[in-house]
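Down below is the structure, laid out as structure tokens.
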Protein chains: 2
Amino acid sequence: MAASTLTEVARLAGVSPATASRVLNGSARKPGKDIADRVRQAAASLGYIPNAQAQGLAKSSSGLIGLIVHDIADPYFAAIARGVQEAAREQRRMVLLATTGGAPAEEKEAVAAFAARRADSIVIAGSRSCRDEDRDGNAELSAELDRYCRNGGQVAVVGHPVVGATALEGYHVVKVPNQELAGRLAAELAGGWDGEFVIVGGPEGLLTSDDRVRGFQEGLERAGRRPAEVLRSAFNRSGGYEAGLELSARIKAAQSEDGGTPSPKLCIFAVNDVMAIGAAAALRSEGLRIPRDAAIAGFDDIETLRDFRPALSTVRLPLEDIGRYATRATGGRPAGGDGEAAEGASFDEVTGEVTLRRSTGAAA
Amino acid sequence: MAASTLTEVARLAGVSPATASRVLNGSARKPGKDIADRVRQAAASLGYIPNAQAQGLAKSSSGLIGLIVHDIADPYFAAIARGVQEAAREQRRMVLLATTGGAPAEEKEAVAAFAARRADSIVIAGSRSCRDEDRDGNAELSAELDRYCRNGGQVAVVGHPVVGATALEGYHVVKVPNQELAGRLAAELAGGWDGEFVIVGGPEGLLTSDDRVRGFQEGLERAGRRPAEVLRSAFNRSGGYEAGLELSARIKAAQSEDGGTPSPKLCIFAVNDVMAIGAAAALRSEGLRIPRDAAIAGFDDIETLRDFRPALSTVRLPLEDIGRYATRATGGRPAGGDGEAAEGASFDEVTGEVTLRRSTGAAA
DNA sequence: AAGAAGTTGGAATGCGCTTTCCCAATCAGA
DNA sequence: TCTGATTGGGAAAGCGCATTCCAACTTCTT
């Protein structure tokens with residue numbers, strides 16, 4: 001028994017399908033009150049649920065918004081997803097989810113799949129990559145996005161524009177000032193710290209990581225410090241853990257070396273919170289204490305990690321808002337509405353806030 | 001410029017749409033090699049992307065799977081979502097996401113929306129509620145689910161069956177032995193603890209919470225302990241925090257009361273990890289230490305929380321698997337396949353594992 | 001009071017694709 | 001060489017809905 005159709009409802013109500021359609025779905029033309037009631041009643045008694053696919057086909061628009069993340073279980077993406085979800089709800093649209101592990105080739109597949117489903121818009125979160133191995137993937141991805149936009153799709157990407165993408169109409173970027181914020185973090189850290197700095201970064205070519213590394217170095221330079229060494233590992237907790245082990249060894253070596261007088265301590269900047277937590281776990285597993293033996297800071301201010309002790313110094317990013325903005329950017333009228341300039345690509349920018357806590361020796 | 005259509009491809013290839021359809025999408029009939037190549041080439045040169053809506057309409061099946069969670073940013077749901085997503089990928093389907101905050105009425109809306117989109121199946125995660133205020137919502141939800149199943153939809157719910165739902169064909173439940181596991185946790189805890197127990201639970205009527213509370217009490221009883229007092233608050237971090245404040249006051253009072261000789265310490269069981277973390281944060285903010293002044297245990301073993309110190313005793317649940325199983329249960333052939341019995345509703349069961357850690361004084 | 005302007009419901013068309021059903025061509029068997 | 005069985009491609013009928021165009025009314029206007 002398939003679900004009942006508009007035609008059945010119409011027949012039961014003794015009207016034409018056209019009329020039934022008009023009353024059941026917001027059409028410009030409102031049929032007479034009595035007829036409308038009859039139709040509505042018929043629909044209710046049949047348990048009629050409009051077929052969104054058919055509606056979509058007829059109107060060529062689906063009420064769908066595609067969300068692309070690296071990993072939905074990563075709290076960073078989960079937070080963004082929440083924002084997207086909320087905004088989608090406001091706009092009475094549903095979100096389609098795709099996870100790609102961050103590979104541009106996979107992302108291209110996801111875009112194609114969304115396009116096939118005629119999603120009205122697509123939100124892409126997760127660091128862009130410009131690594132060599134991703135060159136082809138990026139090219140495919142941007143080609144796919146181009147096509148999607150040209151066919152009237154809206155896309156918003158969080159952070160960086162897709163590598164190689166041309167800025168056509170319907171292409172939005174929610175910019176995240178990673179570099180600047182990392183610089184500010186470095187500056188504030190440098191203000192209260194005499195020791196060396198070391199950066200735990202993701203693989204080279206991951207734009208988000210690179211930006212944060214670069215910004216941090218700039219911040220150090222402005223503060224008159226020498227550049228920090230950069231350790232590279234995976235952009236997740238285990239990457240942080242590995243780097244942490246490496247650093248533990250160094251710290252211990254340094255400690256035993258200079259016998260009594262402790263050398264200036266190390267301050268570790270991990271380019272995101274989960275890496276920082278991983279690194280912290282590694283230090284701890286090696287018997288080191290934070291911030292006694294080393295300070296540590298992250299980036300993102302992941303909610304679930306706020307109860308971590310010692311509280312992690314980090315840069316708060318309005319993750320949920322980012323998701324919301326990205327969604328809204330793709331949301332309203334197609335283009336050139338009443339609002340601000342809306343020709344071609346649009347760029348939103350959010351901001352963050354340096355948040356010093358115990359892990360770098362801050363008071364609270 | 002709308003995306004190109006099958007007909008255009010067919011025209012370019014000089015064949016009929018029927019033939020084009022047959023070669024481009026897995027049909028039983030395979031056209032001749034030369035023709036197939038021509039069609040494929042035409043499709044490639046046009047950048048043809050099949051319109052999934054139209055396909056869905058024609059075949060009445062969408063390749064969509066709906067996922068309903070309370071909150072996608074909650075790590076519990078995020079983990080389940082990851083499992084669902086993975087399984088969906090295996091089945092070459094896409095997931096539609098809906099968040100409801102746990103209200104049955106909202107869940108009903110979500111089911112209706114999924115039904116409208118003709119999702120092939122629906123996975124519902126998140127505790128069922130049997131509170132009075134949700135009575136109507138539950139009734140609507142189960143009616144909606146019934147209809148959905150009767151129309152050939154597959155639904156899998158995690159934990160408990162939907163309150164009031166009848167077990168028809170296509171209705172699956174992935175059972176989580178909350179009660180038993182909580183009992184085991186209580187037993188193990190009682191083995192190494194002399195003091196009192198207190199339970200921090202969610203609102204009464206939240207089935208998952210209730211089960212865990214009940215199981216814990218049973219475990220205590222079997223261990224010859226008296227039943228624990230139950231504090232109720234919200235089923236999230238802030239609920240845990242509030243309860244934690246309340247408990248802090250009591251602990252302090254008790255401590256000051258019996259001057260030197262410390263009274264037996266309190267062991268707090270929070271019915272999920274985030275509540276436990278909240279409670280722990282509250283104790284800490286009141287200057288209490290764990291496990292020195294009180295022990296604490298949670299439930300779920302949320303991944304992001306594993307680096308929390310002191311490490312949280314908890315019950316590990318295979319969250320990702322749960323999502324996977326639920327998805328697979330709705331996945332394969334409609335019913336009565338080659339596998340096990342498949343008439344009517346089906347029930348899968350996962351299991352968990354008590355994991356004692358530092359927060360309750362365990363060695364490591 | 002008669003024609004213009006505005007309503008209101010219905011018939012018909014099309015969205016893009018799948019899937020019978022049909023027909024011409026090919027092949028095996030006799 | 002002819003018949004019956006296959007095969008391979010095309011024509012056409014929907015899938016369920018929105019929407020344009022029409023026809024039949026109703027309400028104003030002068």
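Across the identical copies, the 7 Å label point of A:ALA18, projected outward along Cα→Cβ, sits 3.2 nm from its counterparts, in ascending order. Legend: Rg and Dmax of the stretch B:6-50, from Cα coordinates, 8.9, 25 Å. Once the Cβ-Cβ distance of B:ALA58 and A:ARG89 is raised to the sixth power relative to R0 = 25 Å, the FRET efficiency obtained is 0.25. Neighbours of A:GLN41 by Cβ distance under 15 Å: Lys/Arg scored +1, Asp/Glu scored -1, total +1.
Solvent-accessible surface (1.4 Å probe) assigned to B:SER129 amounts to roughly 0 Å². Estimated from the Cβ-Cβ distance and a Förster radius of 51 angstrom, the FRET efficiency linking B:ASN151 and B:ARG289 is about 0.35.
Relative to the Cα centre, the charge distribution of the protein assembly as shown, modelled as +1 at Lys and Arg Cβ and -1 at Asp and Glu Cβ, gives a dipole magnitude of about 1600 debye. What separates the Cα centres of the stretch B:272-318 and the stretch B:48-70 is a distance of 42 Å.
The listed residues B:HIS160, B:HIS172 rank as B:HIS160, B:HIS172 when sorted by accessible area, largest first, using a 1.4 Å probe.
Relative to the longest principal axis of the Cα atoms of chain B, the long axis of helix B:178-191 lies at roughly 30 degrees. With all pairs of separate Cα atoms included, chain A yields a Kirkwood hydrodynamic radius of 22.9 Å.
Label-point distances for A:SER285 to the equivalent site in the other copies, using a point 7 angstrom along Cα→C-beta, read 3.1 nm when ranked shortest first. Averaged over the residues of peptide B:270-277, the number of Cβ atoms from other protein chains lying within 10 Å of each residue's Cβ is 1.
Computed per residue of chain A from DSSP H runs no shorter than four, each worth -39500 (n - 2.57), the mean residue ellipticity at 222 nm is -14000 deg cm²/dmol. Close amide H pairs (under 5 Å, H built 1.01 Å from N) link B:THR355 with B:THR314, B:VAL315, B:ARG316, residues at least 5 positions away or on another chain.
With the convex hull constructed from alpha-carbon coordinates only, the protein assembly as shown shows a mean projected area of 37.4 nm² over all directions. Cα to Cα, under 27 Å, and not fewer than 8 places away if on the same chain: which lysines meet these conditions relative to B:LYS108? Correct list for B:LYS108: A:LYS59, B:LYS59, B:LYS175. Label-to-label distance, B:ALA139 versus B:LEU46, with points set 7 angstrom from Cα along the beta-carbon direction: 5.3 nm.
With its label point defined 7 Å out from Cα along the Cα-to-Cβ axis, A:GLU349 lies at 5.9 nm from the matching points of the other copies, in increasing order.
Relative to one another, the C-alpha centroids of the stretch A:74-89 and the stretch A:109-161 are positioned 18 Å apart. Note on surface exposure: B:GLU90, B:GLU133 rank B:GLU133, B:GLU90 by accessible area, highest first, 1.4 Å probe.
A simple rule links phi to the HN-Hα coupling: the Karplus curve 6.51 cos²θ - 1.76 cosθ + 1.60 with θ = phi - 60°, which for the stretch A:278-288 gives x, 4, 4, 4, 5, 4, 4, 5, 9, x, 8 Hz, with x for Gly and Pro.
Counts of other chain beta carbons within 10 angstrom of each beta carbon in peptide A:294-307 average 3. Seen against the Cα atoms of chain B and their longest principal axis, helix B:319-329 is set at about 40 degrees.
Other protein chain C-beta atoms within 10 Å of residue C-beta, averaged over A:53-59: 6. Rolling a 1.4 angstrom probe over the protein chains, ignoring ligands and nucleic acids, what is the accessible area of A:LYS108 in square angstrom, nearest 10? Rounded to the nearest 10, that gives 40 Å².
According to the Kirkwood relation over distinct C-alpha pairs, the hydrodynamic radius of the stretch B:36-117 is 14.9 Å.
The values are calculated or read from the model by the stated rules, or taken from the named source; none is laboratory data. For clarity, every value in this text was computed on a predicted model and none was experimentally measured. When we count neighbours, we look across all protein chains shown, and the Cβ atoms used for this are built from the backbone with ideal geometry, even at glycine. Accessible surface is based on the protein model in full, side chains and every heavy atom, while ligands, DNA and RNA are left aside. Shrake-Rupley method; radii C 1.70, N 1.55, O 1.52, S 1.80 Å.
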